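Here's the structure we're looking at; comments come further down.
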Amino acid sequence: MDEKFAPFDVILACDSKLGIGKNNTLPWKLSGDMKYFRDLTSCTEDPSHHNAIIMGRKTWDSIPAKRKPLPDRINIVLSADSSYEAPEGASLARSLDEALKIASERGAERIFVIGGAQIFARAITHPACNRLYITEIDSTFDCDVFLPDFKSTFTQKSVSERHVENGIEYSFKIFTRV
């Protein structure tokens, strides 16, 4: 496949063992991480544009109904299930490549993959994936879903100061493709 895709980034939070969730929910509550996520995925240089967020169906389902679609962003839901229909307020794609094409066609200023685990695994190996924005939590949680190892293809470029919330220490890290 010679098709060129717009560059995109991945944004997520994980614990010290790369755990990212349990029972289709986050096992931690960090308002600072949620604000970081909202600000990064919503803010654009051109106020007339929006960013796109790409997520799997389970991630979409995990968002409270009153918060869907996530505001000020182009919401794209991935599902290989041919009987699944586009949810209200979102576009539907059957593959990551199709989601990237939809985001580009809709004029997205930036594109972010926001989960879940299967989508992260595909995104991290995709040649158009530029950066990983990872909130790294300095604890281990009881997770049943994990981020695949990415450190052979991405290198850390920056780290924020440490934050502490609800007794949990975390920092924001940015990784770029090697």
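When P69, P64 are screened for being without any contact (Cβ under 8 Å) to a residue 24 or more places away in the chain and farther than 21 Å from I20 by Cβ, only P69 passes. Going by the conditions given, is S158 exposed (fewer than 12 other Cβ atoms within 10 Å of the Cβ), of a type in the set (S, T, N, Q) and outside any helix (DSSP H, G or I)? Yes, satisfied. Is it the case that L12 is within 18 Å of the chain's Cα centre (by Cα), outside any strand (DSSP E or B) and surrounded by 19 or more Cβ atoms within 10 Å (Cβ to Cβ)? No; evaluated as a whole, the condition is false for this residue. The residue list A123, A108, A103, A99 contains one member that is at pLDDT 95 or above, crowded, with 20+ Cβ neighbours inside 10 Å and part of a loop (DSSP other than H, G, I, E, B), which is A108. For E136, the criteria (1) part of a loop (DSSP other than H, G, I, E, B); (2) of a type in the set (D, E); (3) surrounded by 17 or more Cβ atoms within 10 Å (Cβ to Cβ) hold in every case but one, which is (1). For the subset of the stretch 139-155 comprising residues that are out of contact with any Gly (no Cβ under 8 Å at 6 or more places or on another chain) and either of a type in the set (V, I, T) or not in a loop (DSSP other than H, G, I, E, B) (or both), which member is surrounded by the fewest Cβ atoms within 10 Å (Cβ to Cβ)? In this case the residue turns out to be T155.
Here the stretch 72-94 is the region considered, the condition is being assigned to a loop (DSSP other than H, G, I, E, B) and in contact (Cβ under 8 Å) with a residue 24 or more places away in the chain, and the residue that is nearest to Q118 (Cα to Cα) is D81.
In the stretch 31-51, the residues that are surrounded by 15 or more Cβ atoms within 10 Å (Cβ to Cβ) form Cβ pairs under 6 Å with partners that are assigned to a helix (DSSP H, G or I), at six or more places apart or across chains, as follows: N51/T41.
The values are calculated or read from the model by the stated rules, or taken from the named source; none is laboratory data. Since we're looking at a predicted model, the values are computed, not measured. A quick note on method: Cβ atoms are made from the backbone with ideal geometry, for glycine too, and the neighbour counts reach across all protein chains shown.
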